[in-house]
Amino acid sequence: MIRRIIYTMLFVLFAAAAEAIPDTTRVALVIIDIQDFYFPGGKSELVNPTPAAQNAAKVLEFFRNTQQLVVHVGHNASEGQDFYSLVKPADGEVVFMKSQVNAFVDTGLLEYLHGQQVSKLVICGMQTHMCVEAAVRAAADYGFKVTLIHDACATKDLKWDNETIPAKMVHLSTLATLRSYAKIMSTKEFLGVK
């Protein structure tokens with residue numbers, strides 16, 4: 001009986017202590033490669049990149065307005081490397097430039113997110129089937145809880161042998177596989193727009 005009372009008291013004390021400890025986990029928006037070379041006239045033009053960038057800009061505005069962490073990732077390129085005008089980094093927003101497909105490779109991104117006590121990521125960007133997919137899979141493997149904003153991403157037609165796979169099918173098939181790694185939402189769903 002006394003032992004049960006002691007255990008109950010300890011449980012109550014630990015529960016109270018846990019409530020007193022502030023939640024230090026954070027969410028961060030990671031915008032992948034929304035750069036000029038993917039837009040009309042660019043070296044690697046995608047299909048419908050502008051609507052995706054417009055949606056990414058809405059998510060970015062939400063994160064800025066709520067003073068949440070924003071991280072920009074860009075791909076090193078010989079031309080068209082600038083971030084697209086709608087999602088240019090603001091003062092104080094962190095930028096990581098990469099040379100690999102995966103944003104976590106040789107960039108310091110993982111260490112930065114851990115240092116900022118981030119446990120949840122919201123990801124959007126370009127291209128859906130390449131750098132976005134790599135970031136989502138890696139983030140999930142590193143233990144982050146990931147949300148992917150599907151209509152804030154864009155990609156392009158692909159060719160295999162003599163077949164052309166339309167960008168829409170590339171995008172949708174990638175989203176279908178990423179359901180195992182992330183919660184996939186539209187911009188409106190994420191922002192709670194009716």
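The values are calculated or read from the model by the stated rules, or taken from the named source; none is laboratory data. Nothing here was measured: the structure is a model prediction, and the numbers come from that model. Please note: Cβ atoms are built from the backbone with ideal geometry, for glycine as well, and neighbour counts cover all protein chains shown. Side chains included, ligands, DNA and RNA excluded: accessible areas come from the protein's heavy atoms. Shrake-Rupley method; radii C 1.70, N 1.55, O 1.52, S 1.80 Å.
Do the conditions hold for residue 140, that is, is it surrounded by 12 or more Cβ atoms within 10 Å (Cβ to Cβ) and free of Cβ contacts under 8 Å to residues at least 60 places away in the same chain? Taking the combined requirement at face value, the residue satisfies it. The C-beta contact set for the range 94-120 (first residue over 15 Å from residue 144 (Cβ atoms), second residue open to solvent by 60 Å² or more (accessible area, probe 1.4 Å) and at pLDDT below 95, distance under 6 angstrom, 6+ apart or interchain) is empty.
Of the residues contained in the range 110-128, none is found to be acidic (Asp, Glu), within 24 Å of residue 44 (Cα to Cα) and open to solvent by 20 Å² or more (accessible area, probe 1.4 Å). Within the range 101-121, is there a residue that is touching a Cys at 6+ places or on another chain (Cβ under 6 Å) and at pLDDT 95 or above? Checking the range 101-121: at least one residue is touching a Cys at 6+ places or on another chain (Cβ under 6 Å) and at pLDDT 95 or above.
In the range 158-187, the residues that are over 25 Å from residue 29 (Cβ atoms) form Cβ pairs under 9 Å with partners that are open to solvent by 100 Å² or more (accessible area, probe 1.4 Å) and not polar (S, T, N, Q), at six or more places apart or across chains, as follows: 165/159.
Within the range 23-46, being touching a residue at least 12 places away in the same chain (Cβ under 8 Å) and of a type in the set (D, E, K, R) holds for 26, 33, 36, 43, 45. Each residue in the range 40-73 was checked for being modelled with pLDDT under 95 and either in contact with a Cys (Cβ under 9 Å, 6 or more places away or on another chain) or under 17 Å from residue 96 (Cα atoms) (or both), and 0 of them qualify. Scanning for something part of a strand (DSSP E or B), open to solvent by 40 Å² or more (accessible area, probe 1.4 Å), touching a Phe, Trp or Tyr at 6+ places or on another chain (Cβ under 7 Å) and not acidic (Asp, Glu), does the range 146-160 turn up at least one residue? No, the range 146-160 has no match at all.
Okay, residues lined up against (1) among the β-branched types (Val, Ile, Thr); (2) open to solvent by 70 Å² or more (accessible area, probe 1.4 Å); (3) touching a Leu at 6+ places or on another chain (Cβ under 6 Å):
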{"residue": "49", "(1), (2), (3)": "no, no, no"}
{"residue": "54", "(1), (2), (3)": "no, yes, no"}
{"residue": "60", "(1), (2), (3)": "no, no, no"}
{"residue": "69", "(1), (2), (3)": "no, no, no"}
{"residue": "75", "(1), (2), (3)": "no, no, no"}
{"residue": "80", "(1), (2), (3)": "no, no, no"}
{"residue": "90", "(1), (2), (3)": "no, no, no"}
{"residue": "94", "(1), (2), (3)": "yes, no, no"}
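Scan the range 148-194 for residues that are out of contact with any helix residue (DSSP H, G or I) (no Cβ under 7 Å at 6 or more places or on another chain), of a type in the set (S, T, N, Q) and within 22 Å of residue 46 (Cβ to Cβ) and the total you get is 4.
Residues checked against (1) in contact with a Leu (Cβ under 7 Å, 6 or more places away or on another chain); (2) of a type in the set (A, V, I, L, M); (3) at positive phi:
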residue: 107; (1), (2), (3): no, no, no
residue: 118; (1), (2), (3): yes, yes, no
residue: 122; (1), (2), (3): yes, yes, no
residue: 125; (1), (2), (3): no, no, yes
residue: 140; (1), (2), (3): no, yes, no
residue: 144; (1), (2), (3): yes, no, no
residue: 153; (1), (2), (3): no, no, no
residue: 156; (1), (2), (3): yes, no, no
residue: 162; (1), (2), (3): no, no, no
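Whether a residue is at pLDDT 95 or above, surrounded by 11 or more Cβ atoms within 10 Å (Cβ to Cβ) and assigned to a helix (DSSP H, G or I) was assessed, and residue 37 passes this test.
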